[in-house]
């Protein structure tokens, strides 16, 4: 788990990563080097656990592409689980919302981000009894596209 201001919380970049699209700088308070290092460590662990092909890992981390394989979806799931974004095919809405509050200072953007969290959580509810990797990837894809479309995350993401 990455720490923000010494507190254990769901890191914003995991929320934005959620479709497997990595490392974001919004209008956030940013991350310390220690937090970034911890996140990279988790990514490497999840890459090994999921057995994601190297080319797909590179595409997801460098080119910000969505997962294209079951291994890629499971990579996303692993990162989300290790950062308490999801557990047992359920979204940790309370934890994610608390992190949004810590990380987004702009009140209208915060309100929109929370609305997106709700929309995307509802959109994956039918998948809750199914494949956990697909659940994570669909949730991530939803959040990513809606945050991007709303302007909360920028074009580089």
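Every number in this text was worked out from the coordinates using simple rules, so none of it is lab data. Small disclaimer: the values here were computed from a predicted structure and weren't measured. Please note: Cβ atoms are built from the backbone with ideal geometry, for glycine as well, and neighbour counts cover all protein chains shown.
Please report the spacing between the Cα centers of segment 103-145 and segment 28-91 in Å, no decimals.
If you average the Cα positions of each part, the centres end up 16 Å apart.
For a label point 7 Å from the Cα of residue 149 along Cα→C-beta, name the residues of segment 87-124 whose backbone N is under 19 Å from it.
The answer is 109-124.
Any chance you could run the full-extension gain for residue 106 through residue 41? It's 0.36 nm times the residue separation minus the Cα-Cα distance, nm to one decimal.
Once the chain is fully extended between residue 106 and residue 41, it gains 20.4 nm.
Using 0.36 nm per residue, how much length does the chain from residue 69 to residue 131 gain when fully extended, once their Cα-Cα distance is taken away? Let's see the in-between values first.
Values: separation 62, 0.36 × 62 = 22.32 nm, distance 1.33 nm.
Taking 0.36 nm per residue and subtracting the Cα distance, the gain is 21.0 nm.
Arranged by the count of other C-beta atoms within 10 angstrom, fewest first, what order do 40, 91 take?
40, 91
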